[in-house]
Amino acid sequence: MDKVKKVVGYVHKGYNEKRNSFGLETDDFRFDRQQVDVFKFLDYLYFKTSNRTSSTLHNFHLNFGKCDLFHFFNGVSLGSKPWVTTFETSLPRVGANSSYMRLGVDRLNDSSCKQLIALSQNAYEIQSNYLEGNFPHLKQKILGKTTVLHPPQDLIINSYSEKKLETALTFTLIGADFFRKGGMETLEVFDYLLSKKYNIKLNIVSSMQYGDYATKTNKQDQEKALKLIAKHSQNINHYNSLPNTEVIKLLVNSHVGLLPTYADTYGYSVLESQACGCPVISTNIRALPEINNNEIGYQINVPKTENGGGNIFSVQDRASFSSTLREHLQEIITGIVNNPDKIREKGIRSLKYIKENHSPLKHAEIRNEIYLNALV
């Protein structure tokens, strides 16, 4: 007879939720999507009228449903049923200067909130600093039920020998927000190095979106990027989109992954690249120094703010950031071409790092324990 598992409810079914909760079963719990949530309905109406979500409506929940407890991502519950939430920056996530901030913090302090799970040490420190600066009398209690749990990642290959690599050193960049991911600087560096006859290739999987909050790019930037891709069509492969299985195949057949990003709270593509035996070139913002370094990959030190994010708030800041990014990216890729043996060494270390630090089995065991304690 099959074991009867308790039920963890969830509301949203986005990539973050799948990556950190409902897509990952545990020994004693199963997941079930809960459809009844007035905030979800109101957020849907808000999106239909304004073409964007409301951070308050999206991240507040009433947690009605036939389940034993809830697990949210960036969410805060107003109900009495036990709940836990995983967060990527800080809680409550209701927008700067929101009048609902105090309500959200009170809910974090409430006995129904059983566990807060920071996606990274950086997120934990941002949360700690926020509480210290705004609600110091609640800091100790809220941090007392806060832990750090990085996302799990399966190994995609078990040995570096499984990779099928071309003679040309192949780099792969993935992300819809192409410019926020450092796409323009990557293309400019490849344009220069290809003009010098470097034997390198670049895969881009991106819908080439522009206008993001980090780079403030426009249609002209997109056109410039597409022209550079067309200029080097023999060496730069652009895919508007691909099934995940094909993306993974690209990474398995790549030497190096790329995430020279302006702004990312975490960087799941880094884990996926490492799991394919690809050392990654990344910036050192937010959580990235926790999952990538110069031992297993290549790190670009960029101008940062106190919370670890990129310093990109003015036109001058963004220009300085871009210049630093381009300079060091070119330096690193040139170094890789001149010393390609390092790629294999770092690729092997990347596989070892994923196996030891992002085990899905260990992640499931920790979450199972969190859920059991939430119901005591």
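Structure notes:
- Shape metrics for the range 160-357, restricted to C-alpha atoms - Rg then Dmax, Å: 15.5, 46
- Relative contact order, whole percent, for the range 160-357 stands at 23, derived from Cα pairs under 8 Å and 6 or more residues apart.
- Cα centroid separation - the range 214-271 against the range 285-302, whole Å: 19
- Stokes-Einstein D in µm²/s, Kirkwood radius over Cα pairs - the chain at 20 °C with 1.002 mPa s viscosity: 97
- Each residue of the range 126-131 was assigned a 3J(HN,Hα) from its phi angle through the Karplus curve 6.51 cos²θ - 1.76 cosθ + 1.60 (θ = phi - 60°); the sequence is 4, 4, 4, 5, 4, 5 Hz, with glycine and proline shown as x.
- Within the shell of other residues whose beta carbon sits under 9 angstrom from the beta carbon of Ile174, the net charge comes to 0, with Lys and Arg scored +1 and Asp and Glu -1.
- Euclidean distance between Cα centres, the range 175-210 to the range 29-62, Å: 36
- Distance between modelled label sites at Ser111 and Thr147, nm, 7 Å Cα→Cβ extension: 2.2
- If you bin all the Cα-Cα distances of the range 1-115 at 5 Å, starting from zero, the percentages per bin are 2, 12, 21, 24, 21, 12, 5, 2, 1, 0, 0.
- Only beta bridges with both residues in the range 160-357 are counted; by DSSP, about 5 percent of them are antiparallel.
- Sequence-distant residues sharing a close amide H with Val76 (under 5 Å, placed H): Phe60, His61
- Top positive-direction residue, dipole computed over the range 160-357 with Cβ charges, set Ala230, Val280, Asn218: Ala230
- Across Lys181/Lys304; Lys196/Lys342; Lys13/Lys114; Lys145/Lys352; Lys18/Lys81, pairs whose alpha-carbon gap is larger than 25 Å: Lys145/Lys352
- Summarising the overall dimensions of the range 251-294 from its C-alpha atoms, the Rg and Dmax are 9.6, 28 angstrom.
- The long axis of helix 183-195 is offset from the longest Cα principal axis of the chain by roughly 20 degrees.
- Helix 360-374 vs. the chain, principal-axis angle (Cα, 0 to 90°, nearest 10): 20
- Taking the longest Cα principal axis of the chain as reference, the axis of helix 315-338 is set at about 60 degrees.
The numbers here are math on the coordinates, done by the rules we state, and not lab data. Just so we're clear, the structure is a prediction, and the values are computed from it rather than from any experiment. Positions of Cβ are backbone-derived with ideal geometry, glycine not excepted, and every protein chain shown enters the neighbour counts.
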